[in-house]
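*Asks:* Please find one structure pasted underneath; my questions will follow.
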Amino acid sequence: MGNYAKGNRAFGFCDRCGFRYKLKELRTETVNLSRTNLRVCPVCWDPDQPQNMLGRIPVDDPQALRDPRPLGAISGRDLQAAYREDFSTGTAQTSPTRIDGWWASNGTLAWNEASQSLNLESTDSTGDPYIIRGYNGGEVVPDYLSINTSLYKYVVTQFTVNSYPLREAGDTFEGGFQGTLYWGTGTGQPPGIPDPISLSVQQRLMRSPYLLITQPSVGFSQVDKDMASTFKIVWDMTDNADWTGTVTTLRLDYFDARPGDLDAGDIDIDYIEVVAFHNLDL
């Protein structure tokens with residue numbers, strides 16, 4: 001068959017609505033990429049359903065990365081907390097009396113089953129409570145930790161305040177908040193060898209810089225009780241030259257209270273952990 005005329009002036013009728021249009025304005029309907037015998041006007045024309053084309057074009061949208069490097073890189077990837085205690089059990093121990101290996105000085109320690117936390121309350125006769133694991137004066141306590149300081153650089157704790165200590169003249173630490181971390185690296189030695197456990201606390205334990213909380217309040221005291229009830233402390237030990245070797249003992253001083261202070265503070269410790277990486281925004 002020969003060529004067709006251009007038909008610039010020819011007209012035709014839409015197979016769907018029946019209205020007259022220029023022939024060149026009519027469009028062929030397609031279904032599943034196949035042309036039909038219908039030619040319709042621009043108003044009646046339906047594009048082919050995109051769902052009919054599923055699987056026709058290969059699509060490769062991989063999600064996994066080859067050899068990924070998550071936060072922490074080799075020193076922190078896939079490493080669990082070197083030590084984490086969320087006090088979900090509250091196991092009581094004796095000689096000395098302690099809970100999950102922790103014992104208190106200048107305060108009373110109890111397990112709060114409802115919140116699965118460790119309750120620390122200052123005693124009004126001594127004040128300045130703290131909790132410690134792995135050291136009990138001159139006695140060897142079989143609760144030593146084993147924290148590789150070359151990998152694990154952050155000590156983190158979170159606690160909820162039940163009763164705020166009053167800020168009073170004579171408090172050792174501003175705002176009644178202490179936030180001091182001590183740690184040690186010694187364990188008991190055989191007879192005849194100097195035992196680091198027998199050293200004084202000052203010799204036995206090293207101290208991190210004093211930490212004053214800045215968020216969400218400037219202090220942990222009665223005057224700031226409307227600011228927050230839950231606090232999180234992060235001790236960054238990455239640049240501390242004394243954070244070295246294998247840490248076997250941790251001591252956490254949460255708040256300051258003077259002897260005889262009846263409003264000395266009461267907290268529930270939610271958890272204590274030592275980790276390789278900590279996101280300061282969390």
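The values are calculated or read from the model by the stated rules, or taken from the named source; none is laboratory data. Please read all numbers here as calculations on a predicted model, not as lab measurements. Virtual Cβ from ideal backbone geometry, glycine too; neighbours counted across all protein chains shown.
*Asks:* Could you grab me the full set of residues in segment 105-125 that are touching a strand residue (DSSP E or B) at 6+ places or on another chain (Cβ under 6 Å), among the hydrophobic types (A, V, I, L, M, F, W, C) and surrounded by fewer than 16 Cβ atoms within 10 Å (Cβ to Cβ)?
*Replies:* Answer for segment 105-125, where residues must be touching a strand residue (DSSP E or B) at 6+ places or on another chain (Cβ under 6 Å), among the hydrophobic types (A, V, I, L, M, F, W, C) and surrounded by fewer than 16 Cβ atoms within 10 Å (Cβ to Cβ): just ALA110.
*Asks:* If I filter segment 23-41 for residues that are outside the structural domain of THR149 (by TED's automatic domain parsing), polar (S, T, N, Q), at pLDDT below 90 and not in a strand (DSSP E or B), do I get at least one hit?
*Replies:* Yes, there is a match, as at least one residue in segment 23-41 is outside the structural domain of THR149 (by TED's automatic domain parsing), polar (S, T, N, Q), at pLDDT below 90 and not in a strand (DSSP E or B).
*Asks:* Same structure again: Which one of the conditions (1) at negative phi; (2) charged (D, E, K, R); (3) modelled with pLDDT of 85 or more does ASP100 fail to meet, given that it meets all the rest?
*Replies:* Condition (1) is where ASP100 drops out.
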